[in-house]
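Heads up: the structure comes next, in structure tokens.
Each value in this text was obtained by applying a stated rule to the coordinates, not by laboratory testing. As the structure is a computational prediction, the values presented were derived from the model and not from experiment. We place every Cβ from the backbone using ideal geometry, glycine too, and count neighbours over all the protein chains shown.
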Ligand code: FPP
């Protein structure tokens, strides 16, 4: 903890939680048990972020592309998500955490969607941290949705073509209320962003680790934040301009 400067925390951390399947394989277990173990890392990570004062934590829990997985795995992930929401509801209230979700939520199982909407509503006044779950989420799909909605509003005379700028597009994204991620963490050894928050990550700092998600714990989260704090974020300017 003393590696971290509390004055220079990332406001928004986004995480691609990869490696549950490989973790399970290396422990001679089925993939679903890997996801179950991954849910424990979710609990630890939420608790740590809340404790150290992160404003927004976005977790890539289910991508649009994940709908292509075997039906049994999809069912298990939905069940796990519902269980997580059931178990963590009280904790979110106690810890003053607001739940949000981004993605094509109408594709989710009805019972998961209802529980999600109920928990989002129940926690909607909480202010200490936003836990944002990306579910049935795809970055390109999000941008296409924004384009559709902008055109609809344009045709209705609410916006003119020359009013379309970066800020306006931002207001049509799922994440319209949130600051852009400062830090992206991807576990599982892959170096790609897999259709996650494409518009929002223009200036995000990346931390890639080989650690598989079920093994990702507080110590490495703090290490990722410590590394982030050593980076110089120039946003296109020169070092000298930042002084
Ligand atoms: C990627 O690992 C992980 C997922 C597709 C699902 C993430 C879900 C969880 C961590 C658990 C449930 C989430 C919540 C919010 C309770 P993978 O299966 O692609 O792993 P592999 O690349 O090793 O096969």
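Values for this structure:
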{"quantity": "For segment 148-214 versus segment 10-45, the gap between their alpha-carbon centres in whole angstrom", "calculated": "23 Å"}
{"quantity": "Gain in span if fully extended, residue 164 to residue 232, counting 0.36 nm per residue against the direct Cα distance", "calculated": "21.4 nm"}
{"quantity": "Per principal axis, descending, Cα span of segment 22-112 in whole Å", "calculated": "36, 34, 20"}
{"quantity": "Approximate spin-label separation residue 22-residue 51, in nm, with each point projected 7 Å along Cα-to-Cβ", "calculated": "2.8 nm"}
{"quantity": "Shape call, segment 88-230: gyration tensor on alpha carbons, a/c limit 1.5", "calculated": "oblate"}
{"quantity": "Most mobile of 24, 147, 156 in a GNM of the chain (Cα contacts under 10 Å)", "calculated": "156"}
{"quantity": "Additional length obtainable on full extension of the chain from residue 79 to residue 151, 0.36 nm per residue less Cα span", "calculated": "22.2 nm"}
{"quantity": "Overall form of segment 1-159 per C-alpha gyration tensor (a/c, 1.5; a/b vs b/c)", "calculated": "oblate"}
{"quantity": "By average C-beta atoms within 10 angstrom, highest first, the peptides 86-92, 216-222, 9-15", "calculated": "9-15, 216-222, 86-92"}
{"quantity": "Length added when fully stretched, residue 110-residue 8, from 0.36 nm per residue minus Cα-Cα", "calculated": "32.6 nm"}
{"quantity": "Mean ellipticity per residue at 222 nm, deg cm²/dmol - from DSSP H runs of n ≥ 4 across the chain, formula -39500 (n - 2.57)", "calculated": "-13500 deg cm²/dmol"}
{"quantity": "For segment 166-243: Kirkwood Rh in Å [reciprocal of mean 1/r, alpha carbons]", "calculated": "14.4 Å"}
{"quantity": "Counting all C-alpha pairs of segment 73-170, share separated by more than 17 Å (%)", "calculated": "60 percent"}
{"quantity": "Segment 1-100: relative contact order in percent, alpha carbon pairs under 8 Å with at least 6 residues between", "calculated": "31 percent"}
{"quantity": "Calculated FRET value between residue 71 and residue 40, using beta carbons and R₀ = 30 Å, to 0.05", "calculated": "0.75"}
